[in-house]
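Student: This is the structure I have questions about; it appears just below.
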Amino acid sequence: MSDRSEYPLQSILIAAILRLFVLVFFFAPSPLPAQANDAVQYEVPDIPDSWAEALRYKNEHFSVAFLFGTLLDYTTWDQDQQSIDQVGKQEDEFEVRSLRFLFAGTLDFMGPWSYVVALESNRFDQATENPRFALMDAALIRRFADGSGRLVIGKQKQAFVYEMVGDSANLLQHERFLGPFFVSRSWGATYTRTFHEKRLGLQIGWYNDWFEEGGNFGGQGNHVAVRMTGLPVWRNEGAQLLHLGISARYQEDENGILQFRGRPGSNVADFYVDTGSFEADYSRQVGLEALWQSNRLTVLGDYVKTWVRADAVGNPQFDGFYVAASYLFNGELRPYDRSVRYSRRVIPGGGWGALEPFVMFGRVDLDDAALRGGRMEKWYVGLNWWATRRWKMSIGYGDIELDRFDALGSTNQVLLRMQWIGP
């Protein structure tokens with residue numbers, strides 16, 4: 001029989017809900033006078049749309065816009081003794097999950113070029129265990145004159161699977177789940193092109209972090225990614241759609257070493273699955289993705305399979321997947337961006353915004369050959385409240401099982417989030 005925490009789960013849930021109201025009370029902005037040019041009126045206070053214009057500048061040579069976003073989280077845990085023995089005691093914690101400052105604009109003196117620079121305090125990264133400010137994006141973007149694609153050069157996301165390419169703050173669930181199979185940002189170049197009235201999409205990217213990490217070019221390892229997507233269903237300007245995609249990724253070793261590890265969909269948790277560092281030549285990955293949106297319902301899923309060339313540990317194979325679904329009661333839909341091949345944030349129609357319950361199930365398996373990184377499964381349910389086009393508040397409950405070190409550990413998680421992304 002497992003030795004559960006002395007605090008019952010019901011108490012944790014009640015405390016979590018109370019903390020959500022405390023967060024809303026202390027962090028919500030003061031009421032502002034309504035502006036005549038604001039198209040939609042919300043009951044939750046927010047800055048007027050007109051204020052965004054004060055953060056933009058443009059002349060005949062260039063333009064610049066300032067954007068700011070923050071995610072505030074409180075996470076609480078309940079573990080059995082097997083889980084504590086596997087990964088240690090997970091501490092209840094409040095954190096600034098993300099604090100991002102972004103500058104973007106056009107470089108008209110260079111022709112059809114634009115740029116983006118983003119700084120962020122963010123530790124949800126395989127290589128980072130302590131909070132820090134880091135350069136998240138720093139890229140030049142060359143857009144094609146006919147609007148069919150673009151070339152991005154600099155630090156950016158890799159073109160691999162929907163969960164990574166899409167905006168993490170706008171996913172159905174709170175956090176990405178397939179973290180062991182990708183990196184958050186890399187230096188390189190990505191070519192994106194759409195075909196057949198944007199019903200088909202192609203992304204090809206090459207990446208190497210020697211520029212940032214130092215050392216020799218070959219020692220950092222080359223990454224190559226290809227993502228192909230299609231819209232076999234596209235009706236009523238995206239009110240009903242089916243998005244399908246397949247990705248492939250080649251990852252060279254970094255100085256002869258690879259490692260796969262991931263957290264259980266939480267920024268403050270320890271790594272639950274972890275192969276440890278091992279000698280390897282390269283890995284090859286294939287990803288499958290699907291997104292369905294229709295009649296207030298959204299269903300999203302990703303699957304990744306990895307083959308590792310590592311003779312010393314028996315050439316292991318790993319995989320992982322998740323499936324998530326949500327329902328928007330007020331009838332809003334996530335607007336799908338055919339240029340980047342994923343859906344953007346929910347824009348509520350007004351009033352008290354939009355409520356969106358969601359559910360997710362995922363599994364990651366890092367056990368194969370001579371490596372025992374663990375098998376993790378997670379059920380996650382929650383509620384998103386899109387209060388305005390910038391404010392979102394949400395709560396989620398997760399049930400995590402970890403099969404590792406010849407034991408089956410159980411963890412319960414409650415996560416509360418408040419985010420503001422604008423202007």
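The values are calculated or read from the model by the stated rules, or taken from the named source; none is laboratory data. On a predicted model such as this, the values are computed, not experimentally measured, just so you know. All Cβ positions, even for glycine, are placed from backbone atoms using ideal geometry, and neighbour counts span all protein chains on display. The protein model used for the area step is the full one, side chains on, heavy atoms only, and it has no ligands, DNA or RNA in it. Shrake-Rupley method; radii C 1.70, N 1.55, O 1.52, S 1.80 Å.
Student: Give the number of residues within the stretch 391-423 that are open to solvent by 10 Å² or more (accessible area, probe 1.4 Å) and either under 20 Å from GLY320 (Cβ atoms) or in contact with a Pro (Cβ under 8 Å, 6 or more places away or on another chain) (or both).
Tutor: The number of residues fulfilling the criteria is 7.
Student: Please report, ordered by residue number, the strands (runs of 3 or more DSSP E) entirely within the stretch 87-196 with at least 2 residues that are among the aromatic types (Phe, Trp, Tyr). Show your work before the answer.
Tutor: Details: elements: 93-107, 113-121, 133-143, 149-156, 186-195.
So the answer is 93-107, 113-121, 186-195.
Here is a yes/no grid of residues against (1) open to solvent by 20 Å² or more (accessible area, probe 1.4 Å); (2) out of contact with any Asp or Glu (no Cβ under 9 Å at 6 or more places or on another chain); (3) assigned to a strand (DSSP E or B):
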| site | (1), (2), (3) |
| --- | --- |
| GLY287 | no, no, yes |
| THR298 | no, no, yes |
| THR306 | no, no, yes |
| ALA312 | yes, no, no |
| ALA324 | no, yes, yes |
| ARG334 | no, yes, no |
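Student: Which of the residues that make up the stretch 107-165 are at pLDDT below 95, of a type in the set (Phe, Trp, Tyr) and open to solvent by less than 60 Å² (accessible area, probe 1.4 Å)?
Tutor: PHE124, PHE144 - these are the residues of the stretch 107-165 that are at pLDDT below 95, of a type in the set (Phe, Trp, Tyr) and open to solvent by less than 60 Å² (accessible area, probe 1.4 Å).
Student: Of ALA65, ALA52, ALA39, which residue is open to solvent by 60 Å² or more (accessible area, probe 1.4 Å), aliphatic (A, V, I, L, M) and farther than 30 Å from LYS378 by Cα? It would help to see each step written out before you state the result.
Tutor: Numbers: ALA65 fails: open to solvent by 60 Å² or more (accessible area, probe 1.4 Å); ALA52 fails: open to solvent by 60 Å² or more (accessible area, probe 1.4 Å).
None of the other options fit; the residue is ALA39.
Student: All but one of (1) on the phi > 0 side of the Ramachandran plot; (2) crowded, with 19+ Cβ neighbours inside 10 Å hold for GLY88; state the number of the condition that does not hold.
Tutor: The single condition GLY88 does not satisfy is (2).
Student: Something else: Which residues, taken from the stretch 166-193, are over 13 Å from the mean Cα position of the chain (by Cα) and surrounded by fewer than 23 Cβ atoms within 10 Å (Cβ to Cβ)?
Tutor: Within the stretch 166-193, SER186, TRP187, ALA189, TYR191, THR192, ARG193 meet the criteria.
Student: Taking only pairs six or more apart or across chains, which ones have beta-carbon atoms under 6 Å, a first residue in the stretch 376-389 that is closer than 13 Å to MET418 by Cβ and buried (at least 22 other Cβ atoms within 10 Å of the Cβ), and a second residue that is among the acidic types (Asp, Glu) and modelled with pLDDT of 95 or more?
Tutor: Pairs that qualify, where the first residue is closer than 13 Å to MET418 by Cβ and buried (at least 22 other Cβ atoms within 10 Å of the Cβ) and the partner is among the acidic types (Asp, Glu) and modelled with pLDDT of 95 or more, are ASN384/GLU356.
Student: Does GLY373 qualify as being among the small types (Gly, Ala, Ser), in a strand (DSSP E or B), touching a strand residue (DSSP E or B) at 6+ places or on another chain (Cβ under 9 Å) and open to solvent by 10 Å² or more (accessible area, probe 1.4 Å)?
Tutor: Details: among the small types (Gly, Ala, Ser): yes; in a strand (DSSP E or B): yes; touching a strand residue (DSSP E or B) at 6+ places or on another chain (Cβ under 9 Å): yes; open to solvent by 10 Å² or more (accessible area, probe 1.4 Å): no.
Criteria not met by GLY373.
Student: Right, something else. With the condition kept exactly as written, say whether any residue in the stretch 339-350 is at pLDDT below 95, open to solvent by less than 40 Å² (accessible area, probe 1.4 Å) and more than 20 Å from the chain's Cα centre (by Cα).
Tutor: Taking every residue of the stretch 339-350 in turn, at least one turns out to be at pLDDT below 95, open to solvent by less than 40 Å² (accessible area, probe 1.4 Å) and more than 20 Å from the chain's Cα centre (by Cα).
Student: Give the residues of the stretch 308-332 that are small (Gly, Ala, Ser) and under 30 Å from ILE347 (Cβ atoms), sorted by residue number.
Tutor: The answer is ALA324, ALA325, SER326, GLY331.
Student: Continuing with this model, one more query. In the stretch 351-367, how many are at positive phi and open to solvent by 10 Å² or more (accessible area, probe 1.4 Å)?
Tutor: Looking only at that region, the number is 1.
Student: Since ARG249 meets every condition but one in (1) open to solvent by 60 Å² or more (accessible area, probe 1.4 Å); (2) under 29 Å from THR194 (Cβ atoms), which condition does it not meet?
Tutor: (1)
Student: Any chance you could count how many residues in the stretch 398-418 are touching a residue at least 40 places away in the same chain (Cβ under 8 Å) and farther than 14 Å from LEU383 by Cα?
Tutor: Residues meeting the conditions: 11.
Student: While we're on this one: Would you mind stating whether ARG97 is at pLDDT below 95, of a type outside the set (S, T, N, Q) and crowded, with 16+ Cβ neighbours inside 10 Å?
Tutor: Yes.
Student: Same structure, new question: May I ask you to verify whether TYR250 is over 20 Å from the mean Cα position of the chain (by Cα) and part of a strand (DSSP E or B)?
Tutor: Values: over 20 Å from the mean Cα position of the chain (by Cα): yes; part of a strand (DSSP E or B): yes.
So TYR250 fits the description; yes.
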